[in-house]
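A short write-up of the structure that comes next.
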Amino acid sequence: SALMRGFLLSGMPCPSSCPPGLLALVAPGLALVATFSLPSQAGDRRTLPGDKSPGVKGRTLILLDVNTKSPVRIISENFLSLQLDPSIIHDGWLDFLSSRRLVTLARGLAPAFLRFAGKRTDFLQFHNVKNPAKSRGGPGPDYYLKNYEDDIVRSDIALDKQKGCKIAQHPDIMLELQREKAAQMHLVLLKEQFSNTYSNLTLTARSLDKLYNFADCSGLHLIFALNALRRNPNNSWNSSNALSLLKYSASKKYNISWELGNEPNNYRTLIGRSVNGSQLGKDYIQLRSLLQLIRTYSRANLYGPNIGRPRKNVMALLEGFLKVAGSTVDAVTWQHYYIDGRVAKVTDFLKTRLLDTLTDQIRKIQKVVNTYTPGKKIWLEGVGATSSGGMNNLSDSYAAGFLWLNTLGLLASQGIDVVVRHSFLDHGHNHLVDQNFNPLPDYWLSLLYKRLIGPKVLAIHVAGLQRKPRPGRVIRDKLRIYAHCTSYHNHNYVRGSITLYIINLHRSRKKIKLAGTLRDKIVHQYLLQPYGKDGLHSKSVQLNGQPLAMLDDGTLPELKPRPLRAGRTLVIPPLTMSFYVVKNVNALACRYR
């Protein structure tokens, strides 16, 4: 039985009458993640895994093993990817993407896709003007702003003189003026978002150059979402502006993948006219034909339809789309926001019900995709903790990391190929990097994920002993454990090593004993905790007790592990996220790419 296996793996004797609280939750090959709640007595430090009494007041010891023979899922090398919203044209941050500090931060998360898309995708128009400085209509009303715009033009010219990767060092006064401008524009952007009415945006050739330069310098592959709301009288897609953009990008030999539109299920509320799934499918076929006419993009990847939350009408749109254009796209995409940022509380990020809302959506999407295009890859794009741009001190805090790390673990375990985080840098509070170009807690979490987690997902086997649950008591899944092969790109670990990542939402510490193939191996701990007096609201984090910060604009800190002696029990502190690399397991699943 799973119970007997758990104790045999650990080398501990199983009692003659194992208590009903014992969990053997994950049978080989059936489920990929163990999630469970194990009550404990805060005042009792004893661990009694072999006690015969089911009502014993002892701390739970969780026995953990991993199936190392073969992976249960293999996801993309670019699994954790990034998004930039077109609002960065509005608020001016696009002009600063050449910042050495931003490029350094983005490079830390490579390899990845960089998706340029969002609510304003379908109001974006390309204008092939090389130097917009001369078309700005003369000096602005503010002398300092005029100087600031001239400084941007001068920095552009300086960048043009560079060969290869173009990196800038912007003066502090220039950044200060930009932050003031962005703060004013933030109010305008929020007003647009809440009223659901958006003004048109112009993307110049110069701006596209800056966007591509940022992606290319950072080791990211650009995915550009074209405006789908330019419609002909018969409601078919008007591709004239898109063709202009495609031709310009091809003339520069830009390596770009493409999408068309953003959340097409919302078009009726945006413009009073809907686009159904079959029409959208025809539009995608039209875009694919355009790409095939341009040599540079004849084999370019195309992704879509980027629908919103899979409600009934949205699923009907997806079905209509896949019937017509399922074979045209390289992956099927949708997006998800967990909670309304206007009403979020810190306790929301600790609710297991919230963490699990994604599971049902994945099942719905997979069912439709497997019906019409079996085997087609599925991506979750534009995922964020909260909608409405997020909430200050919540969606940019340590607490939001529980949602983010669980999203990564859950999607990987369900075989979702890529997840695109909204956003790398943004006007709201869902971003990874703030407007002082300082990395926020979710950035450090993403960096650890990139450094330690490989694309091969492994099945977990768990057994744990707990006190007998009270009758009728609901046991929530507050301890979440995921396992992957360690990243091949991390040269600190030999192939065959395994990385566990663990979320403890309990308000007490939990103990895990590695068993079976993981038994008596040296383990490297990467424990991420909030830093400073703000606790879960903190915007700073510490790794194994050391605060994380950039060393300078071009250097990320070394992520130093804490070695644990072989055979030591893992002690998981309350309300924390942690990674554990189990060294030299020589896992068959992890030896080869």
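How much net charge surrounds Phe123 when only other residues with a Cβ under 14 Å from its Cβ are counted (Lys, Arg +1; Asp, Glu -1)? Counting the neighbours of Phe123, the net charge comes to 0. Using the alpha carbons alone, the radius of gyration of region 431-590 stands to its Kirkwood radius in an Rg to Rh ratio of 0.99. Within the full protein context, the accessible area of Glu149 is estimated at about 50 Å² for a probe radius of 1.4 Å. Rolling a 1.4 Å probe over the protein chains gives Lys252 an accessible area of about 90 Å².
Straight-distance candidates among the aspartates and glutamates for linking to Lys367, with alpha-carbon spacing under 16 Å and chain neighbours fewer than 8 residues away dropped: Glu319, Asp417.
Ile223 contributes an accessible area of around 0 Å² to the protein surface, as traced by a 1.4 Å probe with all chains present. Leaving out same-chain residues fewer than 8 places away, which lysines sit with a Cα under 24 Å from that of Lys511? The reachable lysines, counting only those whose Cα sits under 24 Å from Lys511, are Lys52, Lys57, Lys351, Lys468, Lys478, Lys521, Lys560, Lys583. Taken about its Cα centre, region 471-545 carries a charge dipole of roughly 360 debye when the Cβ of each Lys and Arg holds +1 and the Cβ of each Asp and Glu holds -1. Accessible-area rank, largest first, for Thr296, Thr359: Thr296, Thr359, with all protein chains present and a 1.4 angstrom probe. If you take all other residues with their beta carbon under 14 Å from the beta carbon of Leu556, and give Lys and Arg +1 and Asp and Glu -1, the sum is +3. Rolling a 1.4 angstrom probe over the protein heavy atoms with all chains in place gives region 155-217 an accessible area of 52 Å² per residue.
Express the accessible area of region 437-581 per residue in Å², computed with a 1.4 Å probe while the remaining protein chains stay in the model.
Normalised by residue count, the accessible surface of region 437-581 is 40 Å².
Just the protein heavy atoms count here, and of the accessible area of region 276-317 at 1.4 Å, carbon and sulfur take up 47 percent.
Considering only the other residues whose Cβ falls under 10 Å of the Cβ of Pro86, what net charge follows from Lys and Arg at +1 and Asp and Glu at -1?
Around Pro86, the surrounding residues sum to 0.
Too long at a 23 Å Cα-Cα cut-off: which of Lys282/Lys377; Lys181/Lys533; Lys119/Lys539? Correct reply: Lys181/Lys533; Lys119/Lys539.
With all protein chains in place and ligands, DNA and RNA left out, the 1.4 Å accessible area ranks Ser395, Ser155 as Ser155, Ser395, largest first.
Heavy-atom accessible area, probed at 1.4 angstrom with all protein chains present, ranks Met550, Met577 as Met550, Met577, highest first.
The packing ranking of peptides 449-455, 492-498, highest mean first, is 449-455, 492-498, where packing means the average number of other beta carbon atoms within 10 angstrom of each residue.
The values are calculated or read from the model by the stated rules, or taken from the named source; none is laboratory data. Source: prediction; values computed, not measured. Reconstructed Cβ throughout: ideal geometry from the backbone, glycine too, with neighbour counts over all protein chains shown. The area values use the complete protein model at the heavy-atom level, side chains included, leaving out ligands, DNA and RNA. Shrake-Rupley method; radii C 1.70, N 1.55, O 1.52, S 1.80 Å.
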